[in-house]
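A short reminder: the numbers here are calculations on the coordinates, not readings from a lab. Because the structure is a prediction, the values reported are computed rather than measured. Neighbour counts are summed over all protein chains in view; Cβ atoms, including those assigned to glycine, are modelled from backbone coordinates with ideal geometry.
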Amino acid sequence: MADIFSETKKSVQAIAKKFNLDKDEVREFLEPNRIVEVNIPVKLETGQREIFKGFRSQHNNKLGPYKGGIRFHQNVTREEVMALSLWMSLKCAVADLPYGGAKGGIIVNPKILTEKELENLSRGYVRAIYDIIGADKDVPAPDVNTNPKIMEWMVDEYIKIARKRKSNLPENILHATFTGKPDKKHEPSEKREPKSFGLAGRTEATGFGGVVILKELINKLGLKPENQTVAVQGFGNVGNYFAQFAAKSGFKVVAVSDSKGAITEKNHKFKPLDISLVLKCKAEKGIVAGCYCIGGVCDLAKGKPISNEDLLELPVDILVPAALENVINKQNMKKIKAKIIIEMANGPVSYEAYEYLTKKGVIIIPDILANAGGVTGSYIEWKQNIEDKKYKKEETLKMIEGIMELAFDNIWNESVSLGTHLKEASYVHALKKLL
Ligand code: NAD
């Protein structure tokens, strides 16, 4: 079976061929500039020593420093990291950010490590890749199973090494080497505020950016948010903020789900869910399935729990897969009733389903455009550190809004001028900048 990197290259090459892009230039572009493989020794709390394997793929830096997350997962492979770094090059070009693409990963199941072991692993990875990262070289961020806490350890280790090596770069520039850092709140009792290098609004950025794109699309189609029903699969970081901002913008969010199942309220007609109450209910009960909150009371009996598969097939106007890849595929594509799909997760619609649904007239916003709000938030955090400023959440969201609106317009116009769907348009648009 072909690996994910070969598959990704093949699909980009097919699109490039269709639109007459230079074959040799595309072939050269597809290979990462550099892929580093490292061994990270970690002393476990049992006293045993273990060596973990990690990677950093620096795909392309034509448009600016390499940019991309670091994932901790037992299924990480060299090929997966390379494919993800290629997607980052395309995504940053689509959003018109001054960044190239990169990705990192460590083969590890982080759930079986203690906090101290996880910290040692994170610091060890930074020691191993120190020479190839930096605010103007390569800027890592969180990805699957990594978070602001891990970024805090990583940036701390990076600064320690920099100081040991007598770097005279100021603290703000050194902090700009990583994004997704914690946005620390300060205790009112603290006399002097410690400086926080994280970004207010970074957590909301991806979901918020997706809603900006949705509003642009609805506007282009001459539709009104209040007439549109929305179902969101996944109620994690991306899905829950998407649901909140969509509801705030007037859309009727009528169904949401997490890994345990979905919730909707449907008798004869869909009724919008009260998203803030669903959030509260999820916080209390741990799952959304079966939660139904009205008038401030969460009532497990009144909701209509449905399966995750059922959620995807609901007769809603807009479907938002925001959890996993490949959930809309050959098996269920004929049962999808939504007229618009926003790919908030990475790769939630398979290649075959994308072609089938697009031919049927469904408009699908591709992941590299739909979820680019996340890397845009990272860009603002990096910019804030470089400029030694501190942006307010409202300023951050305003900047994301501007960047995402422009990206949508560019891709929409590209699709009109090429006479093709938005996925091909976004790949061609990115490749034209990158070749
Ligand atoms: P998360 O872990 O915070 O949330 C994932 C959610 O999906 C959880 O609510 C989980 O319960 C749910 N889920 C898991 N299995 C499910 C299933 N079978 N059916 C329905 N729901 C299920 O992750 P996230 O950060 O929200 O990321 C979601 C997706 O968005 C991923 O594909 C990620 O790569 C992509 N993405 C995230 C960001 C970001 O900034 N967080 C940026 C770009 C892309």
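Cross-link list LYS215/LYS383; LYS116/LYS285; LYS181/LYS285; LYS10/LYS359: which exceed 23 angstrom alpha carbon to alpha carbon? Intermediate values should be presented prior to the final figure.
Numbers: LYS215/LYS383 26 Å; LYS116/LYS285 30 Å; LYS181/LYS285 29 Å; LYS10/LYS359 21 Å.
Check vs 23 Å cut-off fails for LYS215/LYS383; LYS116/LYS285; LYS181/LYS285.
Quick one: check the C-alpha center-to-center distance for the range 152-171 versus the range 321-366, whole angstrom.
Using only Cα atoms to place each centre, the spacing works out to 44 Å.
Please give the calculated 222 nm ellipticity per residue for the chain, where each DSSP H segment of at least 4 residues contributes -39500 (n - 2.57) and the sum is spread over every residue; nearest 500 deg cm²/dmol?
My calculation for the chain gives -13500 deg cm²/dmol from helical runs alone.
By its C-alpha gyration tensor, with a ≥ b ≥ c as the square roots of the eigenvalues, how is the range 286-435 shaped: rounded for a/c under 1.5, else prolate for a/b larger than b/c, else oblate?
Since a/c reaches 1.5 but b/c is at least a/b, the shape of the range 286-435 is classed as oblate.
What residue among ALA370, ALA14, ALA322 has the largest mean-square fluctuation in a Gaussian network model of the chain, using Cα springs under 10 Å?
The residue that fluctuates most here is ALA14.
I want to check the label-to-label distance for LYS18 and LYS398. Put each point 7 Å from Cα in the C-beta direction and report it in nm to one decimal.
Between LYS18 and LYS398, the label points sit 4.0 nm apart.
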